[in-house]
Structure formats: C-alpha cells, structure tokens
Amino acid sequence: MTVTLALALVGLSLVDSTSFGTLLIPIWLLLTPGRLRIGRIAAYLATVAVFYFCVGILLTLGADAALEALRAAVAGIPTLALKIGQLVLGALIIAASYRLEARVRRQGGQPGKIRHWRAKAMSGSGSVGSLMGLALLAASLEVATMLPYLAAVGLMVNADLGWQLTGAALAGYCVVMTLPAIVLAVARFVAHHRADPLLQRANDWLTRNSAKALGWALGGIGISMTLNAAATLLLDG
C-alpha cells in the first residue's frame with residue numbers, strides 16, 4: 001500500500017466519521033444526563049464499524065462481478081439514450097435535494113426518524129440489543145449515501161492489495177471512521193463536566209446545519225451527473 005493510498009483512505013474515513021450514524025447519534029447518546037454508560041456507546045460504535053466492515057467485504061467480493069454485469073447490461077443501449085437518461089436523473093436528484101432540505105427545515109432541522117431514534121436512545125428504556133439495532137438501522141439507511149466508503153473500496157480494489165491487506169485496510173478504515181466519536185466518548189467519561197458544553201455546541205451545530213448538509217450532498221451528486229451528461233451531449237453533438 002502506498003502512502004498516497006493510505007492518506008486517501010484516512011481522509012475518506014474522516015469524512016465518513018461526520019455522518020448521522022457515526023457522529024450525530026453518538027453525540028446525542030453522550031448528552032444523556034448522568035454518569036456515562038461507556039459500554040452502551042461502545043456497543044453502538046462497534047456495531048456500526050462491524051456493519052461497515054461486512055459491507056466492505058461484500059463490495060470487494062462482488063466488485064468485479066458487479067462491474068461486468070453492469071457493462072453487459074448497458075452494452076446494447078445507445079450512448080445518446082444513456083446520457084439523456086443520466087441528464088434527466090441528475091435533474092430529478094437536484095429537485096429532490098431542494099425538497100429534502102425544505103422538509104428537514106420544516107421538521108426543525110432534524111429528520112423525523114432521527115428524532116425518534118434520539119428519544120428512544122436517551123430515554124434509557126432500551127437494552128443493549130435495542131441500541132445495537134439502532135446502530136444497524138442507522139448504518140443501513142446510510143448505505144445508499146456512503147459515497148466516501150464506496151470510493152475507498154474502489155481504491156482498494158483498483159490497487160489490488162490482496163485479501164489480507166484489503167481486510168486490514170477495511171478494518172482500519174472502520175476504526176478511523178468511529179474515532180471522533182470514540183474520542184468524544186472518552187472525554188465525556190473522563191471529564192464530563194468540561195466535555196458537556198463542547199458536545200452540546202457540536203450537537204447544536206450539526207442540528208442547525210443538517211438540512212444544508214443533506215441538501216448539498218444530494219444536490220452535488222445531481223449536479224455532477226447533470227453536468228457530465230450535458231457536456232457529453234454537447235461534445236458529441
């Protein structure tokens with residue numbers, strides 16, 4: 001593994017560390033009043049990390065087969081039709097990003113499902129099993145938007161690292177991805193009186209900007225698809 005690849009994977013994992021499942025929900029859990037139950041936070045983060053690791057293994061195993069199937073599926077479709085379809089899909093994604101951002105703002109900056117998770121997690125009524133279920137649900141809902149992770153897996157596959165090194169790289173990625181939440185949990189456990197104000201500010205900032213983050217992430221995908229399709233159509237025309 002080259003230094004460039006290692007740095008790229010670390011950078012992508014740190015981007016992944018700021019998602020709802022890896023940072024926002026853990027911050028909500030850490031803001032629970034009273035003495036921190038470190039085992040519950042550990043169970044949540046371990047579940048997220050293991051889920052991502054298993055998804056990475058499956059993606060790595062199926063990467064070549066998936067690419068070949070995709071090539072075979074589109075081989076008989078005219079390029080013009082594909083690009084027009086891409087252009088339309090990009091425009092729809094851009095429109096959906098504005099709709100999503102407006103919906104999140106109407107809900108007070110927090111998606112309704114996430115607010116339900118927070119209430120259940122902070123009530124203290126759930127068992128460790130239910131907390132692990134929360135982690136699986138959060139990670140599962142983020143599968144469709146795990147673009148940094150997909151990019152990281154693609155880099156590993158293209159680098160042809162071999163199974164042992166690829167597995168180690170995936171494990172390291174998942175650890176780094178949960179590292180910010182682990183650091184906050186340790187800070188909350190060791191010095192919760194000092195850490196609480198910082199956690200509260202971080203939670204407030206993420207809550208205020210969640211609508212923009214969701215809209216920009218989805219809109220960026222749509223804009224990229226639209227511009228790529230439009231440029232190809234103009235050049236071919």
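The values are calculated or read from the model by the stated rules, or taken from the named source; none is laboratory data. All values reported here derive from a predicted model rather than from experimental measurement. Please note: Cβ atoms are built from the backbone with ideal geometry, for glycine as well, and neighbour counts cover all protein chains shown.
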Could you tell me how many of the residues in the stretch 135-172 are free of Cβ contacts under 8 Å to residues at least 24 places away in the same chain and on the phi < 0 side of the Ramachandran plot?
6
Of all residues in the stretch 6-20, count the ones that are over 24 Å from P197 (Cβ atoms) and either surrounded by 17 or more Cβ atoms within 10 Å (Cβ to Cβ) or modelled with pLDDT under 85 (or both).
5
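Given V153, V186, V157, which one is within 24 Å of R40 (Cβ to Cβ) and assigned to a helix (DSSP H, G or I)? First the steps, then the outcome.
On the way: V153 fails: within 24 Å of R40 (Cβ to Cβ); V157 fails: within 24 Å of R40 (Cβ to Cβ).
Exactly one of V153, V186, V157 is within 24 Å of R40 (Cβ to Cβ) and assigned to a helix (DSSP H, G or I), namely V186.
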Residues satisfying the stated conditions in the stretch 69-94, i.e. loosely packed, with under 12 Cβ neighbours inside 10 Å and at pLDDT 70 or above
A81
Could you say whether any residue in the stretch 139-149 is small (G, A, S), within 17 Å of S13 (Cβ to Cβ) and at pLDDT below 85?
yes
Identify, please: which residue in the stretch 174-212 is at pLDDT below 75, within 19 Å of the chain's Cα centre (by Cα) and crowded, with 16+ Cβ neighbours inside 10 Å and is, among those, nearest to L89 (Cα to Cα)?
A211
